[in-house]
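The values are calculated or read from the model by the stated rules, or taken from the named source; none is laboratory data. Note that the structure is predicted; figures quoted are calculated from it, not measured. All Cβ positions, glycine included, derive from the backbone under ideal geometry; neighbour counts span all protein chains shown.
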Amino acid sequence: MSNYEAVIGLEVHVELKTQTKIFCGCSTEFGSEPNTNVCPVCLGLPGSTIVLNKSVLEYAAKAGLALNCDISLLSKFNRKHYFYPDMPKALQISQLEIPIAIGGHLDIEVEGESKRINIHHIHMEEDAGKLTHQGDTISSALSSLVDYNRSGVPLIEIVSAPDIRSGEEAKAYLEKLKNTLEYTDVSDLRMEQGSLRCDANVSIRPVGSKEFNTKTEIKNLNSFRAVQRAIEYEIERQIEVVEEGGQVLPETRTWDESKGITVAMRVKDEPDYRGMVEPDLPPIEVTPEWVEEIRATLPELPDVKKNRFIMEHGLPAYDAEVITSSRKLAEFYEKTVALGQDAKVVSNWIMGEFLRLLNANNLEITEVKITPEYLAKLLSLVEKGTISGKIGKKVFAEMFEEGKDPEVIIKEKGLVQISDEGQLKQVIQEVMADNPKSVEDYLGGQKKAMGFLVGQVMKATKGQANPGLVNKLLQEALEELA
């Protein structure tokens, strides 16, 4: 790889979360019975007429602005002709000539270094139907079933410049893209449902060269990890082909997850889509004032929010990066802080216990039962010494599971922290009497024996003793024997 440089561009298709399709009133609901959300328009039947869904234009412009693009005041739709079973009218209505958004960029960070990935353009188009291949893989399927429910669902296609140089950079770009679009709320971005799909164009060239060489396009990538692995494999495969004196073919390839390889599907000729301006849709004209109205609907985006958390809340950059990686997580954090809790303490609990339990249970933030109000109450109880931090984690786990008020859990479990000096002194005397060797070791200069004795006190009180007070009283009791 040291003699070669990878050149990678990504085409990301994002389904917009409108209630109806781009050119008709059919529902975009996912999971309906096959071929039930269809009509003459999305089935391409003769005589049907199309009308652009206004929300699609608004969502596309909003996404473009969030990705630092310029919005075209004039754009138009074209007919892209091709023959494939998932496109019933043998053409796709897309924006081949003048897209809704041009330019733009995203800044990513890989191995501590920042890099800007430019965005060539964003265009609107209709989705095709969904093919379900009857076999282990697309390349070995003997037949396919087609569901036209997805036909006509509105898409934006975000086309990056060929600025990406590795699978890791591609993954970082996709994560940043998904995060930014999540904040705009233009899509549900569920890769498992096809709301976010990615094709990768990969080529290699000698280091220092500026020429573009033959590229392959990898399709059927259904996760960010798959994108990274497929690109890394394809780079190695192309280098091997060139090193052996062969030529990289302009192919469409698919990713075989089980084998960890890309597989050729077909050789790509330069497509002739016989593009023409869509005659049933007039050009789209918008005003600078309309663009600014859309810009005003943008929320605080992740980079801005991250910097604010660093400046206003005093969070370390890493904490702020993790918390703003999800809009819902950032909202949960900010609501908890707004209830009077210390920003760094809230950050520690969210990045520790909260994310640990989310990942362990494979849950989304919207699925958890704990609320910012209950977390704030728990942190107040820990701060006041009602319970220890260790007990607080146990209470948190039950709050996460059951959604209960922490005070109710503490009362039900009898978990109130013991801070009564008289009670603790009695337990300490009993522990010292039961462990004379440890007492002798401590008095002989083996200070680590103190930790053992503290542990025995905590064990005797079932973890409910105030740790700070235990250390203080135990120290005093041992010094009296010195």
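Residues that are in contact with a Lys or Arg (Cβ under 8 Å, 6 or more places away or on another chain) and on the phi > 0 side of the Ramachandran plot within the stretch 169-212 comprise 185, 189, 194, listed in sequence order. A Cβ distance below 8 Å, combined with a sequence gap of six or more or placement on separate chains, defines the contacts here; from the stretch 34-52, residues that are in a loop (DSSP other than H, G, I, E, B) reach no residue that is aromatic (Phe, Trp, Tyr) and surrounded by fewer than 12 Cβ atoms within 10 Å (Cβ to Cβ).
Determine whether residue 172 is assigned to a helix (DSSP H, G or I), in contact with a strand residue (DSSP E or B) (Cβ under 8 Å, 6 or more places away or on another chain) and either buried (at least 24 other Cβ atoms within 10 Å of the Cβ) or not polar (S, T, N, Q) (or both).
Details: assigned to a helix (DSSP H, G or I): yes; in contact with a strand residue (DSSP E or B) (Cβ under 8 Å, 6 or more places away or on another chain): yes; either buried (at least 24 other Cβ atoms within 10 Å of the Cβ) or not polar (S, T, N, Q) (or both): yes.
For residue 172, the condition - assigned to a helix (DSSP H, G or I), in contact with a strand residue (DSSP E or B) (Cβ under 8 Å, 6 or more places away or on another chain) and either buried (at least 24 other Cβ atoms within 10 Å of the Cβ) or not polar (S, T, N, Q) (or both) - is met.
Applying the set (1) closer than 19 Å to residue 300 by Cβ; (2) assigned to a helix (DSSP H, G or I) to residue 56 leaves exactly one unmet item: (1).
Okay, residues lined up against (1) assigned by TED's automatic domain parsing to the domain that holds residue 460; (2) within 21 Å of the chain's Cα centre (by Cα); (3) outside any helix (DSSP H, G or I):
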position: 332; (1), (2), (3): no, yes, no
position: 354; (1), (2), (3): no, yes, no
position: 358; (1), (2), (3): no, yes, no
position: 375; (1), (2), (3): no, no, no
position: 425; (1), (2), (3): yes, no, no
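Counting only residues that are more than 23 Å from residue 383 (Cβ to Cβ) and out of contact with any Phe, Trp or Tyr (no Cβ under 9 Å at 6 or more places or on another chain), which one in the stretch 332-362 is modelled with the lowest pLDDT? Ranking the candidates gives 362 first. If you go through the stretch 434-451 and keep only what is touching a helix residue (DSSP H, G or I) at 6+ places or on another chain (Cβ under 9 Å), in a helix (DSSP H, G or I), without any contact (Cβ under 8 Å) to a residue 24 or more places away in the chain and not basic (Lys, Arg), you end up with 434, 438, 440, 441, 449. Across the stretch 248-287, the number of residues qualifying as out of contact with any helix residue (DSSP H, G or I) (no Cβ under 7 Å at 6 or more places or on another chain) and either in a loop (DSSP other than H, G, I, E, B) or not assigned by TED's automatic domain parsing to the domain that holds residue 200 (or both) comes to 20.
Kindly indicate which of 300, 278, 285, 289 is surrounded by fewer than 11 Cβ atoms within 10 Å (Cβ to Cβ) and among the charged types (D, E, K, R).
Values: 300 fails: surrounded by fewer than 11 Cβ atoms within 10 Å (Cβ to Cβ); 278 fails: surrounded by fewer than 11 Cβ atoms within 10 Å (Cβ to Cβ); 285 fails: surrounded by fewer than 11 Cβ atoms within 10 Å (Cβ to Cβ).
Every option except 289 fails the conditions.
If you go through the stretch 95-122 and keep only what is assigned to a strand (DSSP E or B) and at pLDDT below 95, you end up with 109, 110, 113, 114. So for the stretch 217-226 (the condition being modelled with pLDDT under 95 and over 25 Å from residue 118 (Cβ atoms)), does at least one residue qualify? Yes.
Can you spot a residue in the stretch 384-398 that is more than 50 Å from the chain's Cα centre (by Cα) and either in a helix (DSSP H, G or I) or surrounded by fewer than 17 Cβ atoms within 10 Å (Cβ to Cβ) (or both)? It would help to see each step written out before you state the result.
Within the stretch 384-398, the first condition is being more than 50 Å from the chain's Cα centre (by Cα), and the residues that meet it are none.
Looking for residues that are more than 50 Å from the chain's Cα centre (by Cα) and either in a helix (DSSP H, G or I) or surrounded by fewer than 17 Cβ atoms within 10 Å (Cβ to Cβ) (or both), one finds none in the stretch 384-398, hence no.
Cβ separations smaller than 6 Å between residues 6+ apart or across chains give no pair from the stretch 403-431 residues that are at positive phi and in contact (Cβ under 8 Å) with a residue 12 or more places away in the chain to residues that are surrounded by 15 or more Cβ atoms within 10 Å (Cβ to Cβ) and in a helix (DSSP H, G or I). Of all the numbered requirements in (1) under 30 Å from residue 322 (Cβ atoms); (2) in a loop (DSSP other than H, G, I, E, B); (3) among the hydrophobic types (A, V, I, L, M, F, W, C), residue 231 misses one, and that requirement is (2).
Against the condition closer than 20 Å to residue 60 by Cα, outside any loop (DSSP other than H, G, I, E, B) and out of contact with any Cys (no Cβ under 9 Å at 6 or more places or on another chain), how does residue 292 come out, does it pass? Judged against the criteria, residue 292 is a match. Of the residues making up the stretch 1-37, just one is surrounded by fewer than 15 Cβ atoms within 10 Å (Cβ to Cβ), among the hydroxyl-bearing types (Ser, Thr, Tyr) and under 30 Å from residue 166 (Cα atoms), namely 2.
Taking the criterion of being touching a residue at least 40 places away in the same chain (Cβ under 8 Å), under 29 Å from residue 252 (Cβ atoms) and surrounded by fewer than 13 Cβ atoms within 10 Å (Cβ to Cβ), would at least one residue in the stretch 122-142 satisfy it? No - not one qualifying residue is present in the stretch 122-142.
Checking residue 190 against (1) surrounded by fewer than 19 Cβ atoms within 10 Å (Cβ to Cβ); (2) over 30 Å from residue 114 (Cα atoms), which test does it fail? Going through (1) surrounded by fewer than 19 Cβ atoms within 10 Å (Cβ to Cβ); (2) over 30 Å from residue 114 (Cα atoms) one by one, residue 190 breaks only (2).
Would you be able to say whether some residue in the stretch 452-464 is part of a helix (DSSP H, G or I), among the aliphatic types (A, V, I, L, M), at pLDDT below 80 and not assigned by TED's automatic domain parsing to the domain that holds residue 383? Spell out how you get there, then give the answer.
Of the residues in the stretch 452-464, the ones part of a helix (DSSP H, G or I) are 452-460.
Pick out the ones that are also among the aliphatic types (A, V, I, L, M) and you get 453-454, 457-458, 460.
After this cut, where a residue has to be at pLDDT below 80 as well, the list is none.
No, every residue in the stretch 452-464 fails to be part of a helix (DSSP H, G or I), among the aliphatic types (A, V, I, L, M), at pLDDT below 80 and not assigned by TED's automatic domain parsing to the domain that holds residue 383.
Within the stretch 347-372, track down each residue that is buried (at least 18 other Cβ atoms within 10 Å of the Cβ) and out of contact with any Pro (no Cβ under 9 Å at 6 or more places or on another chain). Of everything in the stretch 347-372, those that are buried (at least 18 other Cβ atoms within 10 Å of the Cβ) and out of contact with any Pro (no Cβ under 9 Å at 6 or more places or on another chain) turn out to be 349, 350, 353, 354, 358, 368, 370, 372.
Please determine, by comparing only the residues of the stretch 145-169 that are of a type in the set (D, E, K, R) and assigned to a strand (DSSP E or B), which one is nearest to residue 134 (Cα to Cα).
147
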